[in-house]
Amino acid sequence: MSTTFSPRAWAVFLLVVAADVLDLLSTTVTNVAAPTIVEDLGASSSLVPWLGASYTLAMGSLMIVGGRLGDRYGCRRLFLIGLAGFTLFSLATAVATTSFALVACRTGQGVFGGLLIPQGFVLLMRVIPRESMGRVFGLFGPLLAVSSISGPVVAGLLIEANPFGLSWRSVFLVNVLFGALMLAAALKVIPPFGGDASVRIRPGAALTLMAGLGLFLAGLVDGGASTWTNRAVIATAVGVAVLAAFGWQQARTGQPLLERSLFANRGFVAGLVFGALFFGTVTGVMYVTTLYLQQRLGLNPFHAALITAPVSVGIIATSLTVRGRVVTHGRSVVSIGVLLFALGTIGMTVVIGADYHPVPLITVPLLVAGLGMGCCFGAVFTVALGDVNPAQAGSASGVLNAVQQIVNAAGSAIVSTVYLSTATPDVLSSGVLPCLLLTLVITVACATSIPLLPRRGADLH
């Protein structure tokens with residue numbers, strides 16, 4: 001492959017991967033750092049779900065619009081704007097001194113991440129020959145899985161080491177360092193791709209979509225953070241109403257914000273539903289596992305990260321194994337992944353249900369669950385795109401990525417509601433077991449959608 005690409009193409013590829021790694025680190029580090037942040041700021045436990053949800057909520061709400069802005073004004077320009085803004089808000093997050101400021105800065109990170117991440121696919125399509133795209137995307141799973149291991153572990157190590165007395169702040173300062181280096185490199189290596197002035201973005205439709213998603217997810221997170229107050233219920237209900245109005249308007253306009261023909265594709269819709277259910281439940285189960293290890297078993301952030309590291313080991317193992325088989329056996333790969341994830345979740349339920357178990361014992365079912373995640377992470381998007389026309393691939397990919405970000409926020413919020421409403425101080429497994437049982441129910445729902453998926457994945461070679 002090295003003989004096919006120019007040095008500039010390799011550099012752009014590495015920048016796109018690095019941007020996705022920054023996003024993944026920003027999504028996962030708060031799982032480890034949240035208890036330390038809450039203690040340092042003297043905040044209530046209701047801050048915990050907002051640390052992650054404020055980021056994913058903002059990103060998921062803006063990602064579809066961010067992709068369209070890249071089409072209109074140029075993917076290079078939006079990539080640079082997104083990266084610069086993300087880096088500045090990472091710095092602001094690192095120096096925040098109140099809960100409100102911290103959540104606001106995390107929201108700012110998500111906004112600019114929503115501009116940054118959608119440009120990656122377009123940049124790769126511009127600099128890498130189409131016949132090599134399949135091999136390029138095969139590298140993404142293992143590279144991102146490595147970061148999913150290193151992110152929480154490094155975050156835990158930094159908090160434990162407490163360099164210069166920075167504690168959790170050092171986690172976000174790492175983003176600043178890498179963001180600045182990436183920005184300097186991007187200015188030099190990304191070619192000056194222009195935009196398409198014929199692309200029209202209707203501000204009303206874009207704002208309606210963002211407002212609907214924002215209100216809906218904010219209501220879910222607010223309800224999951226404590227109790228379902230009138231504020232949380234009203235925000236969720238209004239969000240649903242706004243999204244319904246958006247759907248009604250999009251069904252009648254001649255210039256829809258979302259590619260309407262995609263939703264007439266049964267395989268794509270099935271992949272979208274499967275991805276929403278699966279990514280939401282994975283986020284939820286990892287979130288509640290981290291809470292269990294730190295708040296119930298009393299592990300420090302570094303040890304908690306080490307205990308959950310087998311998940312990412314499993315993701316890497318199966319991502320490397322299945323990446324050459326997704327195109328020809330996509331649906332089978334997803335089926336195996338769901339089965340392994342279910343077995344891992346059942347194993348966690350058994351181990352945690354024992355209450356006074358040796359802590360390292362939980363690493364075994366976590367590894368099995370990680371093997372299942374790796375199968376699905378490496379296959380579900382490719383399978384969902386299996387019956388999509390090449391001309392629609394960019395739009396379809398943007399929708400899938402946006403849904404992933406949205407359900408990450410929703411998954412954590414729903415699991416928080418179950419956890420907080422069922423946890424009791426005298427039983428270690430209380431709160432956790434109901435969440436794991438909910439995970440199994442959702443996993444069964446995922447399995448029911450598998451027969452509707454395309455048999456093969458999208459062939460990008």
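The values are calculated or read from the model by the stated rules, or taken from the named source; none is laboratory data. Owing to the predicted nature of the structure, the values given are computational and were not obtained by experimental measurement. Don't worry about glycine lacking a Cβ; one is built from the backbone with ideal geometry, like all the others, and counts go over all protein chains shown. Remember, those area values only see protein heavy atoms, side chains included, never the ligands or the DNA or RNA. Shrake-Rupley method; radii C 1.70, N 1.55, O 1.52, S 1.80 Å.
Checking Ala413 against (1) open to solvent by less than 10 Å² (accessible area, probe 1.4 Å); (2) of a type in the set (A, V, I, L, M, F, W, C); (3) at pLDDT 75 or above, which test does it fail?
(3)
Can you tell me which of Val32, Val12, Val38 is open to solvent by less than 10 Å² (accessible area, probe 1.4 Å) and within 24 Å of Gly165 (Cα to Cα)? First the steps, then the outcome.
Working: Val12 fails: within 24 Å of Gly165 (Cα to Cα); Val38 fails: open to solvent by less than 10 Å² (accessible area, probe 1.4 Å).
Only one candidate passes the filter, namely Val32.
Considering only residues that are in contact (Cβ under 8 Å) with a residue 60 or more places away in the chain, open to solvent by 30 Å² or more (accessible area, probe 1.4 Å) and over 18 Å from Phe216 (Cβ atoms), which ones fall in the range 242-264?
We begin by selecting, within the range 242-264, every residue in contact (Cβ under 8 Å) with a residue 60 or more places away in the chain; these are 257-259, 261-262.
Cutting the leftovers down to open to solvent by 30 Å² or more (accessible area, probe 1.4 Å) gives us 258-259, 261.
Of everything in the range 242-264, those that are in contact (Cβ under 8 Å) with a residue 60 or more places away in the chain, open to solvent by 30 Å² or more (accessible area, probe 1.4 Å) and over 18 Å from Phe216 (Cβ atoms) turn out to be Glu259, Ser261.
Out of the residues in the range 66-76 that are open to solvent by less than 10 Å² (accessible area, probe 1.4 Å) and assigned to a helix (DSSP H, G or I), which is nearest to Ile117 (Cα to Cα)? Talk me through it step by step, then tell me what you get.
So the first thing to find is which residues in the range 66-76 are open to solvent by less than 10 Å² (accessible area, probe 1.4 Å), and the list is 66, 70, 74-75.
Keeping just the survivors that are assigned to a helix (DSSP H, G or I) gives 66, 70, 75.
Details: Gly66: 8, Gly70: 10, Cys75: 10 Å.
Result: Gly66.
What number of residues within the range 340-353 satisfy the criterion of being open to solvent by 10 Å² or more (accessible area, probe 1.4 Å), touching a residue at least 24 places away in the same chain (Cβ under 8 Å) and not polar (S, T, N, Q)?
Keep residues of the range 340-353 that are open to solvent by 10 Å² or more (accessible area, probe 1.4 Å), which gives 340, 342-343, 346-347, 349-351, 353.
Those left that are additionally touching a residue at least 24 places away in the same chain (Cβ under 8 Å): 340, 342-343, 346, 349, 353.
From what's left, not polar (S, T, N, Q): 340, 342-343, 346, 353.
Result for the range 340-353: 5.
Any idea how many residues of the range 265-278 are modelled with pLDDT under 85 and open to solvent by 60 Å² or more (accessible area, probe 1.4 Å)?
So the answer is 1.
Listed here are the residues, each with its yes/no results for (1) more than 29 Å from Leu299 (Cα to Cα); (2) modelled with pLDDT of 90 or more; (3) in a loop (DSSP other than H, G, I, E, B).
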{"residue": "Ala34", "(1), (2), (3)": "no, no, no"}
{"residue": "Pro49", "(1), (2), (3)": "no, no, no"}
{"residue": "Thr56", "(1), (2), (3)": "no, no, no"}
{"residue": "Gly82", "(1), (2), (3)": "yes, yes, no"}
{"residue": "Leu102", "(1), (2), (3)": "no, yes, no"}
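Which pairs do you get when a residue that is free of Cβ contacts under 8 Å to residues at least 40 places away in the same chain, found in the range 98-110, comes within reach of a residue that is open to solvent by less than 20 Å² (accessible area, probe 1.4 Å), reach meaning Cβ atoms under 7 angstrom, with the pair 6+ apart or on two chains?
Every condition considered, the pairs that remain are Cys105/Thr93; Cys105/Ala96.
If we keep just the residues of the range 153-194 that are open to solvent by less than 60 Å² (accessible area, probe 1.4 Å) and in a loop (DSSP other than H, G, I, E, B), which is modelled with the highest pLDDT?
Ranking the qualifying residues of the range 153-194, first place goes to Ile190.
Are there any pairs with C-beta distances below 6 angstrom linking a residue in the range 273-298 that is charged (D, E, K, R) to a residue that is modelled with pLDDT under 85 and not in a helix (DSSP H, G or I), with the two at least 6 apart or on different chains, and if so which?
So the pair list comes out as Arg296/Leu428.
Mind listing just one residue for me: the one in the range 373-393 that is open to solvent by less than 40 Å² (accessible area, probe 1.4 Å), among the small types (Gly, Ala, Ser) and part of a helix (DSSP H, G or I) and, of those, modelled with the lowest pLDDT?
Top of the filtered list is Ala393.
Can you tell me how many residues within the range 424-451 are open to solvent by 20 Å² or more (accessible area, probe 1.4 Å), of a type in the set (A, V, I, L, M) and at pLDDT 85 or above? Don't jump to the end; show me each part of the working.
Just the residues of the range 424-451 that are open to solvent by 20 Å² or more (accessible area, probe 1.4 Å), to begin with: 424-428, 433-434, 437-438, 440-442, 444-445, 447-448, 451.
Narrowing the set further to residues that are of a type in the set (A, V, I, L, M) leaves 427-428, 433, 437-438, 440-442, 444-445, 447.
The next check asks that each one be at pLDDT 85 or above; those that pass are 433, 437-438, 440-442, 444-445, 447.
Looking only at that region, the number is 9.
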